[in-house]
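The structure appears below as structure tokens.
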Amino acid sequence: MPLYNSIDRKVLKENLMAEPFVRKTISFYRYFILDTPQEFRDQIYREWVELNCFGRIYIAREGINAQMSVPEENLEHFLLSLKNHPIFENIPIKYAIEDNGKSFYKLSVKVKDKLVADGLNDDAFDVTNVGRHLDALEFHELVESGEHIVVDVRNHYESEIGHFKGALCPEADTFREELMVITDLLKEKKEAKLLLYCTGGIRCEKASAYLKHHGFKDVNQLHGGIIEYAGKIKQLELKSNFIGKNFVFDERMGERVDGRVISHCHQCGKSCDDHLNCANDLCHLLFIQCGECAEKFEHCCSVECRDLKNSSEEEKQRFRHTMVPKFGNRSVYRKSFRLAKNTTFADSNSESGQ
């Protein structure tokens, strides 16, 4: 049996849409030491492909980080299969907030150097000296008090569509950049109580250890992340302190938490929180686009990208040799988006899109 997918992506997506059964989207992670990550990777691939599981799973010497889609009829078997591995004992499983069952279309299990591509030197600080874990209700009440510093350790494109009320949301595109910005912005507040949060909790493990290493005294983190929080708050029938949509790294690109839309189309400024990747294969910029602009720009981030997408292969090849850095560059795009926003999305700006 091949230990990787060999079917065309288009076919896989068509097969997914035609499935007559329901899938459950779940996620989990755990830090532990793996002596033979490649061997472990091959073993769990064999087990999970037999259960028709899809997902994106990263294996490293330091553990596992998994986002998965499991057929509902096989979910119990999957959970039982975890028990065959001591490292999965009592591992917390998080279930998607808003699930259409179409989050993944294939099973991808990759061996990585790190579970989170953070660009940090783990030898420079104690990665096990993490902050205090807060359950969803504890975190909710502390945020509600308004007395502490709430810190979003996700990227800007994630916090743009949803975040905890009053949270510090740095404008950063990478986790490493995020930590640098947070450390600098709060350098005079190292005695304050910090409340960190991310999607599922894994980034907070590194972020809290990093901040403690840099002298922050009272570092706390939301255990289970936004996913765990949203589920618990709904169960307790409390008003959510998370506003908007939770960005997720799968085909859905987001889960609605409280129903509010707090972001805008990057091209016309209308209320919108739907992310997509630019349809120009030479760009693929991640941005927010409303339905009207999607039709107008053919799912591209600009007129330039739309025209290039529709050009001949010869023209595309010629363009590759003179490619402009702004294509696919979020920071360049965001700068021009702010300029458009400052002029109330004038027609001239909305037509160019950049």
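The values are calculated or read from the model by the stated rules, or taken from the named source; none is laboratory data. This structure is a prediction, so every number in the text was calculated from the model and none was measured. Heads up, the Cβs are rebuilt from the backbone with ideal geometry, glycines too, and the neighbour counts pull from every protein chain shown. When the accessible area is computed, the model is the full protein with side chains, heavy atoms only, and any ligands, DNA or RNA have been set aside. Shrake-Rupley method; radii C 1.70, N 1.55, O 1.52, S 1.80 Å.
Of the residues Ser312, Ser302, which single one is small (Gly, Ala, Ser), crowded, with 18+ Cβ neighbours inside 10 Å and over 18 Å from the mean Cα position of the chain (by Cα)? Outline the logic, then answer.
Numbers: Ser312 fails: crowded, with 18+ Cβ neighbours inside 10 Å.
Within the list Ser312, Ser302, the selection yields Ser302.
If I filter the range 182-202 for residues that are hydroxyl-bearing (Ser, Thr, Tyr), in contact (Cβ under 8 Å) with a residue 24 or more places away in the chain and surrounded by 18 or more Cβ atoms within 10 Å (Cβ to Cβ), do I get at least one hit? Walk me through how you get there before you give the answer.
Going through the range 182-202, the residues hydroxyl-bearing (Ser, Thr, Tyr) turn out to be 183, 197, 199.
Of the ones still in play, those that are also in contact (Cβ under 8 Å) with a residue 24 or more places away in the chain are 183, 197, 199.
Cutting the leftovers down to surrounded by 18 or more Cβ atoms within 10 Å (Cβ to Cβ) gives us 197, 199.
Yes, the conditions are met somewhere in the range 182-202.
Given (1) at pLDDT below 90; (2) of a type outside the set (Val, Ile, Thr); (3) farther than 25 Å from Ile202 by Cα, where does Arg330 come up short, assuming only one miss?
(3)
Any chance you could count how many residues in the range 276-297 are modelled with pLDDT of 90 or more and open to solvent by 50 Å² or more (accessible area, probe 1.4 Å)?
5
Residues in the range 235-259 that are open to solvent by 40 Å² or more (accessible area, probe 1.4 Å), touching a residue at least 60 places away in the same chain (Cβ under 8 Å) and more than 12 Å from the chain's Cα centre (by Cα): how many?
3
Hey, can you tell me all the residues within the range 260-275 that are open to solvent by less than 40 Å² (accessible area, probe 1.4 Å), under 14 Å from Lys296 (Cβ atoms) and in contact with a His (Cβ under 9 Å, 6 or more places away or on another chain)?
The one that is open to solvent by less than 40 Å² (accessible area, probe 1.4 Å), under 14 Å from Lys296 (Cβ atoms) and in contact with a His (Cβ under 9 Å, 6 or more places away or on another chain): Cys272.
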